[in-house]
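Let me begin by presenting the structure, written as structure tokens, before commenting on it.
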Amino acid sequence: MRNRAGVIIIENDRLALIERTRNGYTYYVFPGGGIEAKETPAEAAKREALEELGLEVEIGECFFELSGTAEESYFLAAVTGGKFGTGAGMEFTERDPERGSYKAVWVARDTLPSITLYPEELAAKLCQRTE
């Protein structure tokens, strides 16, 4: 499994997430994906925000890291341009029924405990954050 990077975008106490539905099961993930050759995790996170959300972002601090079969880094990010929901990554342009559906959504932070959000450890950390 290759290393991944993702973005955490919080605006008006809402998070920008990807709603996934696969085999009748709906869950949420942070926008992100694999780190390409010669790309830093921060560069990958910035690219993924544009591909999956249609947003240009300024990458901030690395808020969360997860190690396992691959390294995962999640960065706080601020929107600097673009239009939410206009991502043109492969997930949106080359629909594959086997992979399910992808939809960019805003989710209120106070609803995080009631949804299935991966990675769960990051979701728990954001629930505790008081900012």
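The values are calculated or read from the model by the stated rules, or taken from the named source; none is laboratory data. Predicted, not measured: the structure shown is a model, and the values here were computed from it. Note: ideal-geometry Cβ built from the backbone for every residue, glycine included; neighbour counts use all protein chains shown.
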Can you tell which of T116, T93, T111 is modelled with pLDDT of 95 or more, out of contact with any His (no Cβ under 6 Å at 6 or more places or on another chain) and among the hydroxyl-bearing types (S, T, Y)?
T116
Filter the stretch 22-54 for residues that are farther than 12 Å from Y74 by Cα and touching a Phe, Trp or Tyr at 6+ places or on another chain (Cβ under 9 Å) and give the result.
Y27, Y28, E51, E52, L53, G54
Is it fair to say S67 is surrounded by 12 or more Cβ atoms within 10 Å (Cβ to Cβ) and of a type in the set (S, T, N, Q)?
no
Condition met for I59 (modelled with pLDDT of 95 or more, in contact with a Phe, Trp or Tyr (Cβ under 7 Å, 6 or more places away or on another chain) and among the β-branched types (V, I, T)):
yes
In the stretch 10-55, how many are part of a strand (DSSP E or B) and surrounded by 15 or more Cβ atoms within 10 Å (Cβ to Cβ)?
14
Kindly provide the set of residues from the stretch 20-71 that are within 24 Å of E120 (Cβ to Cβ) and hydroxyl-bearing (S, T, Y), ordered by number.
T21, Y25, T26, Y27, Y28, S67, T69
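Please find, among Y74, Y102, the residue that is modelled with pLDDT under 90, within 25 Å of K125 (Cα to Cα) and in a strand (DSSP E or B).
Being modelled with pLDDT under 90, within 25 Å of K125 (Cα to Cα) and in a strand (DSSP E or B) holds for just one of Y74, Y102, which is Y102.
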